[in-house]
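Inspection log for the structure reproduced underneath, given as structure tokens.
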Amino acid sequence: MPTFVWKGRTASGAMASGELAAGSQADVVSALRQKKIIPTSIKVKEEKKGLSLFGGRVSRRALSVFTRQFSTMLNAGLPLLTCLEILGKQTESQALRRVLAEVRGDVEGGLSLADALRRQPKVFDNLYVNMVESGETGGALDVILMRLATYLEKTAALMRKIRGAMIYPAIISIVAVGAIAIMLLFVIPIFARMFEGVGAELPMMTRIVMQMSNFLKIYGLPTVIVLIALFTIIRRWHKTESGARAMDPIFLKTPVFGDLIKKQSIARFSRTLSTLLSSGVPIIDALEITARSAGNWVIEDAILKARTSIKGGENIADPLSKTAVFPPMVTQMIAIGEASGGLDDMLAKVADFYDAEVDQAVENLTNALEPIIMVVLGGIVGFLVISMYLPIFQLAGTITE
């Protein structure tokens, strides 16, 4: 049985709030009226569910496939509970199967589909839940789910392209670091033992490399542990509001990668807002949801300022144009969309344009990184080899003399 969080006023006019387990919102209203409390807000309590170590996460692909199949089955006239039961049985994701079973149980208990999905925040975010709620209210749930599936598929495709393009440079970098570490830990010490009995002063390059080898043998493992711990701390701090405020502006100003992050954020903003508006979500709610899913605090702050301006009677384009984040082309197209009444279509065109821009930027970055990594790797390995053979060449020169 779901738990509801309620707020209301007592007979004396005082504010009251609490939690109540009931089968539906109507039962909560009835129970509160018996206590002479007039409810002002009743929401399903979001439960934090623990995920198992293996198979506990629902992938974007599994969620998009479920959404498209759900839409198709509803459009064919199948009852909602039957759709959930069939999709729960046929999905390959164990986590999604468990979630759908809980959603089906909540719907059978009297909750709407949106409220049932809201109880699974780790799988269905605010964007998903609000679009479903809009579809239920407007009687076009199958159409909304189809749009949502398209959005999820395009978002997942964009992320796959970015990650796929970064795989090769990442592998090369890992191999390079591994090769250098092996040389410093195992190869350089062999040469160092050979040079111990020479007695002559070693070249500066050789001494530097031998010191690097000694440092790595003593402090290598602690350094790796410290770096991993530091990375974990920074990553978790970045998820907090203060961390995002401090780091996100820096990310946008980084060479090469900053431009890529900005284009990706604009594409996500345009696609999300277009999908929400075309699904009938009010623009104030749509902007709030879009801001929370922007992925960058600078973008989020700009969107929230636009939302505040709209509440004051202004349009969207003007506050966005005052920021240094959104290019003039984007704000001009948004202004045209607002004037013509086709803002959702205009935003979809902006999203398509910046998706293509991100693809091109990723391709250019990959093409530039590959030769740079190879040159850097060759230079480091060459430096190590020359530094070890230089004393041998010097010794051979003294013998011939």
Counting only residues in segment 1-18 that are in contact with a Leu (Cβ under 8 Å, 6 or more places away or on another chain) and of a type outside the set (Gly, Ala, Ser), the one modelled with the highest pLDDT is identified as Trp6
From the option list Val209, Val256, Val224, single residue qualifying as of a type in the set (A, V, I, L, M, F, W, C) and on the phi > 0 side of the Ramachandran plot is Val256
Listed by first then second residue, the pairs whose first member lies in segment 333-361 and is on the phi > 0 side of the Ramachandran plot, whose partner is in a helix (DSSP H, G or I) and modelled with pLDDT under 90, with beta carbons under 8 Å and at least 6 positions apart or on separate chains, are none
Exercise. Would you check if Ile234 is more than 25 Å from Val358 (Cα to Cα) and over 18 Å from the mean Cα position of the chain (by Cα)?
Key: no
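Among the residues of segment 232-241, are any closer than 24 Å to Lys154 by Cα and either outside any helix (DSSP H, G or I) or modelled with pLDDT of 85 or more (or both)?
Filtering segment 232-241 for residues closer than 24 Å to Lys154 by Cα gives none.
Checked against the condition, which is being closer than 24 Å to Lys154 by Cα and either outside any helix (DSSP H, G or I) or modelled with pLDDT of 85 or more (or both), segment 232-241 yields no hits at all.
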Segment 243-332: helices (runs of 4 or more DSSP H) wholly inside it with 2 or more residues that are touching a Pro at 6+ places or on another chain (Cβ under 8 Å) and either surrounded by fewer than 22 Cβ atoms within 10 Å (Cβ to Cβ) or at pLDDT below 85 (or both) are 297-311
Exception for Ala361 within (1) surrounded by 13 or more Cβ atoms within 10 Å (Cβ to Cβ); (2) over 21 Å from the mean Cα position of the chain (by Cα) falls at (2)
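Yes or no, residue by residue, for (1) surrounded by fewer than 12 Cβ atoms within 10 Å (Cβ to Cβ); (2) among the basic types (Lys, Arg); (3) at pLDDT 80 or above; (4) closer than 15 Å to Asp115 by Cβ:
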position: Leu20; (1), (2), (3), (4): no, no, no, yes
position: Gln25; (1), (2), (3), (4): no, no, no, yes
position: Arg60; (1), (2), (3), (4): no, yes, yes, no
position: Thr72; (1), (2), (3), (4): no, no, yes, no
position: Leu96; (1), (2), (3), (4): no, no, yes, no
position: Val99; (1), (2), (3), (4): no, no, yes, yes
Exercise for the section: Answer yes if at least one residue in segment 112-129 is farther than 28 Å from Ser274 by Cβ, in a loop (DSSP other than H, G, I, E, B) and either at pLDDT below 80 or within 22 Å of the chain's Cα centre (by Cα) (or both), and no otherwise. Expected result: no
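Each row is one residue, and each column tells you yes or no for (1) in contact with a Leu (Cβ under 7 Å, 6 or more places away or on another chain); (2) closer than 18 Å to Lys239 by Cα.
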| site | (1), (2) |
| --- | --- |
| Asp259 | no, no |
| Arg271 | no, no |
| Thr290 | yes, yes |
| Ala294 | no, yes |
| Thr308 | no, no |
| Ala317 | no, no |
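The values are calculated or read from the model by the stated rules, or taken from the named source; none is laboratory data. Since the model is a prediction, treat every value here as computed from it, not as a measurement. All Cβ positions, glycine included, derive from the backbone under ideal geometry; neighbour counts span all protein chains shown.
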